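The values are calculated or read from the model by the stated rules, or taken from the named source; none is laboratory data. Just so we're clear, the structure is a prediction, and the values are computed from it rather than from any experiment. In this analysis, Cβ positions are derived from the backbone assuming ideal geometry, glycine residues included, and neighbour counts consider all displayed protein chains. Accessible surface is based on the protein model in full, side chains and every heavy atom, while ligands, DNA and RNA are left aside. Shrake-Rupley method; radii C 1.70, N 1.55, O 1.52, S 1.80 Å.
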Amino acid sequence: MEHGKLARLTARAKAGISRRDFMRTAASAGLSAAMAGSLWSEAQAATPQKGGTLKAGADGGATTDTFNPLQMNGADHPTLSILSSYDTLTEIDETGAPQPSLAESWEGNADGTWAIKLRKGVEFHDGKTLTAEDVVWSLKQQLDENNRVAEAQLIVQNFEELRADGPDTVLIKQKEVNFDLPTHLSSFAMIIGKEGNDDWSAGIGTGPYVKEDWQPGIQYLGRKFANFYRDDQGHFDEVEILNISDPGARMSGLLSNTLHAIGSPETKTAGRLANAPGFELVQVSATQHFTCDMRADMDPFTSAELRRAVKWGINRQEIVDKVLSGYGTIGNDLPISRGQQFYNDQLEQREYDPDKARYHLKQAGFENIDLTLATSDGAFGGAVDAAVLMQNSLGGAGMNVTVDRRPADGYWSDVWLKVPWCMVYWNGRPTVDWMLSSTYTSGSDWNSSAFRNERFDTLLVEARAEPDEAKRREMYHKAQRIFWEESGTAVFAFANILIGHSEKLAHGPVGVSRRMDDSRLPRRWWFA
């Protein structure tokens, strides 16, 4: 197509024409649907619009949710809400690299000393100016002995020194050198509040939206903060984020135009969005994964052989095909996706093998065994269906599974970490070290399979401080092999991140570290 026609089409895309009309115009001009769609997305990404009220639906909320960073669990609804009002020092882009947020820049030395430069002139919602003292105070809160957010606590526990150097600089000296620190500072729990803040639920942060209402497990309402420090985020006048646990209800809300965007649409019906006039389905291959975690400190899973029997008895491909409708890939009992740096691709892929499952069951001392698997659609969409499929495949290997269906509300507070075996979803982390260290080291409170291995812990400490990349790879591969062989975490599938939305919304590149555009959709998207 000649350059003049492309330029005219691009101008029309930027001028506010609806996507449907644009696609028709492009088709009549001889442009393929794929090329037209790409041109539309690029044009919209280049021209964020301001205004309007966003209504989004997400899951994972509960009446026990809180804005307190020491008690957050990282589920979609509360995290979307919190990151609408609060900021972290950095955030992750679509490539997994750290980018400035409250931190304007950072510089680290080989001895683990870091200088974090803050943006100047940033205001809290009550008018107070952000200072380095606010940052230092906020990060030090993670050292509280009642902290339930394991990864944030582990990050800050590694700070030998944490102090302000003037109003705009934070100095950090690490006990153990870790070159991933700028990435760590993006953790959803590392939000920054005012020094001395004793009421996180008030929502007085530096984020794009001032909290108007927060009802745990129900909704968040926020209005645009007039003095927000960024022009490239916070495009809406108001945002309403609803907790909707039922994926069918989320889809109905979107298709009826009650909602503009939904997270994790049901995979068996998600394909409808790709063809429904006025709607789109965003799909990105990411690090989000589904597991069933067997606690090694609770019977009967104290037996490593029984844990291996379960892993070989899961029909992973069946779950990807039937539960994820193909929107994903099978897992190999590592919480690291195949595309990530340092992934160990030398390990045998565990497939459904009832003979191997029976062998390990006998090694554990059983001919047959009765097991209970706790699950809920509050764990993730399709968790109940996946559990039923596991019940069937494991039954063929001598393991008689009772599927214990639990209510969505309270699943993460009453079931996860409390029962011997349950279904879990994880938003992956941008680096191998972060994922393994934050969740599976012996000191992690989020170690939901109670995996404890001293050699594993030591390898991670040595690897994160090793400047030679080849040696780091070797160490991370050894750590992953130990985890693959010994842990009670069966990573059976990696799910593509899915977002359903009205064509009224536009966006740039979508983050791959967490669902709902790294839990920042209300900040990053806009009305076309």
Report task. Out of Arg429, Arg514, report the one residue that is at pLDDT below 90, touching a Ser or Thr at 6+ places or on another chain (Cβ under 9 Å), closer than 24 Å to Gly248 by Cβ and open to solvent by 10 Å² or more (accessible area, probe 1.4 Å). Result -> Arg514
Report task. Scan the range 45-61 for residues that are surrounded by 23 or more Cβ atoms within 10 Å (Cβ to Cβ) and at pLDDT below 95 and jot them down. Result -> Asp59, Gly60, Gly61
Report task. Output the residues belonging to the range 176-205 that are open to solvent by 10 Å² or more (accessible area, probe 1.4 Å), over 22 Å from Gln99 (Cα atoms), assigned to a loop (DSSP other than H, G, I, E, B) and not β-branched (Val, Ile, Thr). Result -> Glu176, Lys194, Glu195, Gly196, Asn197, Asp198, Asp199
Query - Condition broken by Thr329, with the remaining ones in (1) at pLDDT below 95; (2) among the β-branched types (Val, Ile, Thr); (3) under 19 Å from Trp426 (Cα atoms); (4) open to solvent by less than 30 Å² (accessible area, probe 1.4 Å) satisfied - result: (4)
Query raised in the report: Can you tell me which residue in the range 214-237 is farthest from His260 (Cα to Cα), limited to those that are crowded, with 21+ Cβ neighbours inside 10 Å and among the hydrophobic types (A, V, I, L, M, F, W, C)?
Result: Trp214
Query raised in the report: When you look at Leu118, is it open to solvent by less than 10 Å² (accessible area, probe 1.4 Å), touching an Asp or Glu at 6+ places or on another chain (Cβ under 6 Å) and not basic (Lys, Arg), yes or no?
Result: yes
Query raised in the report: Has the range 236-247 got any residue that is modelled with pLDDT under 95 and of a type in the set (Ser, Thr, Tyr)?
Result: yes
Query - Subset of the range 432-459 [under 23 Å from Val415 (Cβ atoms) and in a helix (DSSP H, G or I)] - result: Met435, Ser438, Thr439, Tyr440
Report task. Of the numbered conditions (1) hydrophobic (A, V, I, L, M, F, W, C); (2) touching a Cys at 6+ places or on another chain (Cβ under 7 Å); (3) open to solvent by 40 Å² or more (accessible area, probe 1.4 Å), Ala374 fails exactly one; give the number of that condition. Result -> (3)
Requested in this report: Pick out the one residue from Glu151, Glu123 that is closer than 19 Å to Ser85 by Cα, of a type in the set (D, E, K, R), out of contact with any Lys or Arg (no Cβ under 7 Å at 6 or more places or on another chain) and open to solvent by less than 80 Å² (accessible area, probe 1.4 Å).
Outcome: Glu123
Query raised in the report: For the range 221-238, how many residues are among the small types (Gly, Ala, Ser) and part of a strand (DSSP E or B)?
Result: 1
Query raised in the report: Does the range 341-371 hold any residues that are buried (at least 16 other Cβ atoms within 10 Å of the Cβ), touching a residue at least 60 places away in the same chain (Cβ under 8 Å) and not aliphatic (A, V, I, L, M), and which are they?
Result: Phe342, Tyr343, Asn344, Phe366
Query raised in the report: Which ones in the range 98-120 are closer than 20 Å to Ser85 by Cβ and outside any strand (DSSP E or B)?
Result: Ser101, Leu102, Arg119
Requested in this report: Inspect all residues belonging to the range 339-355 and state whether any of them is touching an Asp or Glu at 6+ places or on another chain (Cβ under 7 Å), farther than 30 Å from Gly500 by Cα and not small (Gly, Ala, Ser).
Outcome: yes
Report task. Looking for whichever is under 26 Å from His77 (Cβ atoms), touching a Leu at 6+ places or on another chain (Cβ under 9 Å), in a strand (DSSP E or B) and open to solvent by 10 Å² or more (accessible area, probe 1.4 Å) here; the options are Lys211, Lys173. Which one fits? Result -> Lys211
Query raised in the report: Are there any pairs with C-beta distances below 6 angstrom linking a residue in the range 393-410 that is under 12 Å from Thr372 (Cα atoms) to a residue that is among the charged types (D, E, K, R) and open to solvent by 10 Å² or more (accessible area, probe 1.4 Å), with the two at least 6 apart or on different chains, and if so which?
Result: Asn400/Asp370
Query - Top-ranked residue in the range 394-415 [being among the hydrophobic types (A, V, I, L, M, F, W, C) and modelled with pLDDT under 95; ranked as nearest to Ile92 (Cα to Cα)] - result: Trp412
Query raised in the report: Is it the case that Lys140 is loosely packed, with under 15 Cβ neighbours inside 10 Å, not in a loop (DSSP other than H, G, I, E, B) and not aromatic (Phe, Trp, Tyr)?
Result: yes
Query raised in the report: For Asn158, which of the numbered conditions (1) open to solvent by 10 Å² or more (accessible area, probe 1.4 Å); (2) in contact with a strand residue (DSSP E or B) (Cβ under 6 Å, 6 or more places away or on another chain); (3) more than 19 Å from Asn109 (Cα to Cα); (4) not acidic (Asp, Glu) fails to hold?
Result: (3)
Query raised in the report: Does at least one position in the range 149-168 carry a residue that is touching a helix residue (DSSP H, G or I) at 6+ places or on another chain (Cβ under 8 Å), touching a residue at least 24 places away in the same chain (Cβ under 8 Å), small (Gly, Ala, Ser) and within 15 Å of Thr88 (Cβ to Cβ)?
Result: yes
**Report entry** Qualifying residues in the range 287-325 (those that are in contact with a strand residue (DSSP E or B) (Cβ under 6 Å, 6 or more places away or on another chain) and among the polar types (S, T, N, Q)) - the one most open to solvent (accessible area, probe 1.4 Å)
**Finding:** Gln317
Report task. Filter the range 66-86 for residues that are hydroxyl-bearing (Ser, Thr, Tyr) and touching a strand residue (DSSP E or B) at 6+ places or on another chain (Cβ under 7 Å) and give the result. Result -> Ser81, Ser84, Ser85
